[in-house]
1. If you count, for each residue, the other Cβ atoms within 10 Å and average over each peptide, how do 42-50, 65-73 line up from highest to lowest?
2. Roughly what % antiparallel, to the nearest 5, for the DSSP beta bridges in the chain?
3. Given a 1.4 Å probe, how much area per residue of the chain is accessible, in Å²?
4. Counting only protein heavy atoms and using a 1.4 Å probe, what share of the accessible area of the chain belongs to carbon plus sulfur, as a whole percent?
5. Could you work out the percent of alpha carbon pairs in the chain separated by over 27 Å, rounded to a whole number?
Amino acid sequence: MKNRFDDWPVVTLVAEGETPGEIRDAVLDLLHSALQRRQPFAAVLDLTATADVRETGPDPRTAAHAKAVKEIRPDLASRCRGLAFVARGRAPAPEAGRRFWGCPVIQTTDVGQAGSWARDSLAAAGREEDP
């Protein structure tokens with residue numbers, strides 16, 4: 001798993017075969033690190049290399065992950081300008097993602113599109129914040 005902050009305020013996570021539970025842990029770690037900067041940001045979460053990885057049974061951390069998102073949701077709502085999930089397969093409705101995360105969410109199969117959307121989301125939010 002790779003986290004990149006070298007394109008701040010766009011942060012990137014690239015998962016490389018980890019289990020869904022490990023990915024949820026990494027996403028939360030990435031978001032916590034970005035929130036600690038106390039500045040607006042957007043995130044690209046590249047999960048394309050994990051499409052075939054499955055957990056062997058229910059992950060007991062699922063409830064803890066959901067609770068952790070609930071705890072950071074107010075900070076995500078105020079600082080995160082967008083989460084772009086890059087994955088194969090069908091995506092949940094964007095409205096459901098926004099309700100869960102507290103910020104705009106898209107899912108795409110194209111990393112370049114995700115990065116462009118993240119930068120556009122930051123730019124649009126910046127224009128809205130300017131008087």
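The values are calculated or read from the model by the stated rules, or taken from the named source; none is laboratory data. What you see is a predicted model; the values in this text were computed from it and never measured. Here the Cβ positions follow ideal geometry from the backbone for every residue, glycine too, while neighbour counts run over all protein chains shown. For accessibility, only protein heavy atoms count, side chains too; no ligands or nucleic acids. Shrake-Rupley method; radii C 1.70, N 1.55, O 1.52, S 1.80 Å.
1. 42-50, 65-73
2. So the antiparallel bridges amount to about 20 percent of the total.
3. 57 Å²
4. About 51 percent, which is the carbon plus sulfur part of the accessible surface.
5. Details: 1098 of 8515 pairs.
Summing the P(r) tail past 27 Å for the chain gives 13 percent.
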